Each structure stands twice: as structure tokens, then as C-alpha cells.
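K.L.:
Pasting a structure below so you can have a look.
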Amino acid sequence: NPWVKWAASGILLGLVFANIYQARNTLNKTDYRNEPQFWQEIARELAPYGPAVGLTQDYGLRLTYWGGISIANWFTADEIQLRQASGQQVDFDQLFEEKTENANAFLVTLVDEYAKQEDLKHILDGNYPQVSSTPGVWLYDLRKTK
């Protein structure tokens, strides 16, 4: 029946446009104008330390794009759990040593994610000084111990 085809096409088009409209509204609600300045400020703070590891948004790509600095990426809690669920043994201390072997700093901008990783918090807060002056950013100097 041609009416069924037209009705199905209309419903499908309606769903597509509803998703597009929802994506548009989400993008309009989020203000990205401060992003370049924020990441450039972090890059200025991080520059004197040289190589770094980070638990940041978008795997550090915002820092690379707006700040011109690339950092090694630290795993999220979900990524660590996924490795464990797939049968991999995750020795946290060994992982920290491997990831920070050549790093002089550890950057945290994903505060909620950092709160989920008790082992990481224990190592960083217990052993390294926090040196960041930017609100919402935790920068640890891995060259010094407490």
C-alpha cells in the first residue's frame, strides 16, 4: 500500500529532524567561547614541566588543539574496568610507573573521573605537590615528592 510507505517515510523523516533539532539545541546551550583561553592557560602552566600525563577531556585533544601541547593520556576508570573485565591483569602501581616514566607532571581536568580513581588519588595526593593555580585544574609536579 503506498500510504504505508509514505507514512513510514514521514515518520522516519520526523525522527531524523527531531534528532537534528535536539543536537542543535544541545550545541546552542553549551558555551564554548572560554575553551581556547582555558586550554591556553593550562598550556602556559604546563610548559615549564615538559612531558606530562593527563586525565583530561577528549584524551587531551583540546589541550593539543588550543594549547599546542600534547600529553600522554591516563586511562579512565571505565577503561581500566574494561581491561579487567576482558581478563587483563591491571597492576595499578606498575601502570602508574609505565605511564609516568618520562613525565614531569600529571594534569587532571576531569575532576569527577579523578574522584572515581582512589588509587590514582592516593598516589598523587600522597606523594606529589599540587602546583596549579587555575581553578578546576590539578597539576602535580612529578619531579618532587612530598
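The values are calculated or read from the model by the stated rules, or taken from the named source; none is laboratory data. Note that the coordinates shown come from a computational prediction; the quantities given were computed from them, not determined experimentally. Neighbour counts are summed over all protein chains in view; Cβ atoms, including those assigned to glycine, are modelled from backbone coordinates with ideal geometry. Surface areas here come from the heavy atoms of the whole protein model, side chains and all, with no ligands, DNA or RNA. Shrake-Rupley method; radii C 1.70, N 1.55, O 1.52, S 1.80 Å.
K.L.:
Go through 72, 77, 52 for me and flag whichever is closer than 19 Å to residue 143 by Cβ, small (Gly, Ala, Ser) and in contact (Cβ under 8 Å) with a residue 40 or more places away in the chain.
P.N.:
Going through 72, 77, 52 in turn, the sole match is 52.
K.L.:
Take segment 92-116 and flag every residue that is aromatic (Phe, Trp, Tyr) and either farther than 14 Å from residue 140 by Cα or outside any helix (DSSP H, G or I) (or both). Write out each step before concluding.
P.N.:
In the first step, residues of segment 92-116 are kept if they are aromatic (Phe, Trp, Tyr); the result is 92, 96, 106, 114.
Selection gives 92, 106.
K.L.:
Moving on. Go through the residues of segment 48-65 one by one and say whether even a single one is within 30 Å of residue 34 (Cβ to Cβ), in a helix (DSSP H, G or I) and more than 17 Å from the chain's Cα centre (by Cα). Steps first, please.
P.N.:
Of the residues in segment 48-65, the ones within 30 Å of residue 34 (Cβ to Cβ) are 48-65.
After this cut, where a residue has to be in a helix (DSSP H, G or I) as well, the list is 48-49, 57-65.
Next cut, more than 17 Å from the chain's Cα centre (by Cα) only: 48-49.
Yes, the conditions are met somewhere in segment 48-65.
K.L.:
Being of a type outside the set (A, V, I, L, M) and in a helix (DSSP H, G or I) is the filter; apply it to segment 117-146 and report the residue that is least open to solvent (accessible area, probe 1.4 Å). Steps first, please.
P.N.:
First, pick out the residues of segment 117-146 that are of a type outside the set (A, V, I, L, M): 117-119, 121-122, 125-130, 132-136, 138, 140-141, 143-146.
With in a helix (DSSP H, G or I) added as a condition, the list becomes 118-119, 121-122, 125-127.
Numbers: 118: 112, 119: 90, 121: 61, 122: 139, 125: 64, 126: 45, 127: 68 Å².
Checked segment 117-146; the qualifying residue least open to solvent (accessible area, probe 1.4 Å) is 126.
Table: residues versus (1) more than 27 Å from residue 92 (Cα to Cα); (2) touching a strand residue (DSSP E or B) at 6+ places or on another chain (Cβ under 9 Å); (3) of a type outside the set (Ser, Thr, Tyr); (4) surrounded by 17 or more Cβ atoms within 10 Å (Cβ to Cβ).
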{"position": "37", "(1), (2), (3), (4)": "yes, no, yes, no"}
{"position": "49", "(1), (2), (3), (4)": "no, yes, no, yes"}
{"position": "54", "(1), (2), (3), (4)": "no, yes, yes, yes"}
{"position": "57", "(1), (2), (3), (4)": "no, no, yes, no"}
{"position": "61", "(1), (2), (3), (4)": "no, no, yes, no"}
{"position": "66", "(1), (2), (3), (4)": "yes, no, yes, yes"}
{"position": "73", "(1), (2), (3), (4)": "no, yes, yes, no"}
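K.L.:
Does segment 11-31 include one or more residues that are assigned to a helix (DSSP H, G or I) and surrounded by 14 or more Cβ atoms within 10 Å (Cβ to Cβ)? Explain how you work it out, then say what you get.
P.N.:
To start, the set of residues in segment 11-31 that are assigned to a helix (DSSP H, G or I) comprises 11-29.
With the extra rule that they be surrounded by 14 or more Cβ atoms within 10 Å (Cβ to Cβ), the set shrinks to none.
Looking through segment 11-31, none of the residues is assigned to a helix (DSSP H, G or I) and surrounded by 14 or more Cβ atoms within 10 Å (Cβ to Cβ).
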